[in-house]
Structures are given as C-alpha cells and as structure tokens.
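Trainee: Sharing a structure below in structure tokens format, with a few things to ask.
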Amino acid sequence: MNYKSINFSEKYKLFNEQWKPKVISEINNYQFKIAKIQGEFIWHTHHETDEAFIVLNGEIKIEFRDGIVTIKKGEMFVVPAGVEHKPSSLNESQIMLIEPKGVVNTGENKTSNLTAENDVWI
C-alpha cells in the first residue's frame, strides 16, 4: 500500500495544456481529475451523471441556458445530470472535477478539438 498524500501544486507542475483533465485518484468508480482552464469551453451535457467543479486557484464561470454561476477559489458547484452548461475562465484557473470513470469531457455524442483523452493519470 502506498501511503502518500497527493500534493495538488506538484501535480499541476506536471502538465501545461488546458482543458485536458488528468486523473489523480479514484474512489468507488469515481475519478478525481485536475485541469488547467482558460477561455471558453463548449456547450455540453452529461445525461447520466452530475459533475462537480472545485476551484483550487482562480475563478471560473459556468454558463447555463437560463443563468450563470461564478465559482471562486475554495468553492465548488455541482452541475446536475442532464443540464447543458459551458465553463469558462478569463484567466488561467486550476480546477478539480469529480465524476464517474469514463465520462467524456465534451459530453455525449460530441467530439471537438477540446475532447480530452480519457483516463490519463499523472
């Protein structure tokens, strides 16, 4: 058994690309993923699962068809399953996502240049 804590700062130093979540841990078929984001993502939906956004550094916005939420450093927000949303960040932000293993970052039936390879561990 490896009894070592996970240091977020050290993990973020291991990559530079944005909008490409990296898995840092897993529990009960859910993955903890970290990502660097800046600019706008695409509109997408995860029909079968909620998606938790935790801001570790910076500030992000998640736009919905009927509103918007701002999430600051040290805050989190859960997007319910089936709700179309579009994350964005004016400046580079560091986030953590918690979602079931195998979730595609651009949602169901969508591929784009922002579609990340799944299950990439760092």
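Quick note: the coordinates plus some simple rules give every number you see, no bench work behind them. For clarity, every value in this text was computed on a predicted model and none was experimentally measured. Note: ideal-geometry Cβ built from the backbone for every residue, glycine included; neighbour counts use all protein chains shown.
Trainee: Quick one: give the max-minus-min coordinate of the C-alpha atoms of the stretch 32-100 along each principal axis, largest first, in Å.
Mentor: On the principal axes, the stretch 32-100 reaches 28, 25, 17 Å in Cα extent.
Trainee: With each label point set 7 Å from Cα along the Cα-Cβ vector, what nm distance links E48 and V23?
Mentor: 1.5 nm
Trainee: Would you mind checking which residues have amide H under 5 Å from A116's amide H? H placed 1.01 Å from N; only 5 or more apart, or other chain.
Mentor: Here the answer is N105, T106, since their amide H atoms fall under 5 Å of that of A116.
Trainee: Using a 7 Å offset from the Cα along the Cα-to-Cβ direction at both V120 and Y30, what is the distance between the two label points in nm, to one decimal?
Mentor: Taking the simple label geometry, V120 and Y30 are separated by 2.4 nm.
Trainee: Can you work out D for the chain in µm² s⁻¹ from Stokes-Einstein, where Rh is the Kirkwood radius over C-alpha pairs, the temperature is 37 °C and the viscosity is 0.692 mPa s? Please list the in-between numbers first.
Mentor: Details: Rh = 14.6 Å.
D, rounded to a whole number, is 225 µm²/s.
Trainee: Counting pairs of alpha carbon atoms under 8 Å apart in space and at least six apart in sequence, what relative contact order in percent does the chain give? Let's see the in-between values first.
Mentor: Details: 278 pairs, mean separation 38.8, N = 122.
Relative contact order for the chain comes out at 32 percent.
Trainee: Where nothing but the Cβ of Lys and Arg (+1) and of Asp and Glu (-1) is charged, how large is the charge dipole of the chain around its Cα centre, in debye to the nearest 20?
Mentor: Details: 14 positive and 17 negative charges, 87 e Å.
Dipole of the chain, to the nearest 20 debye: 420 debye.
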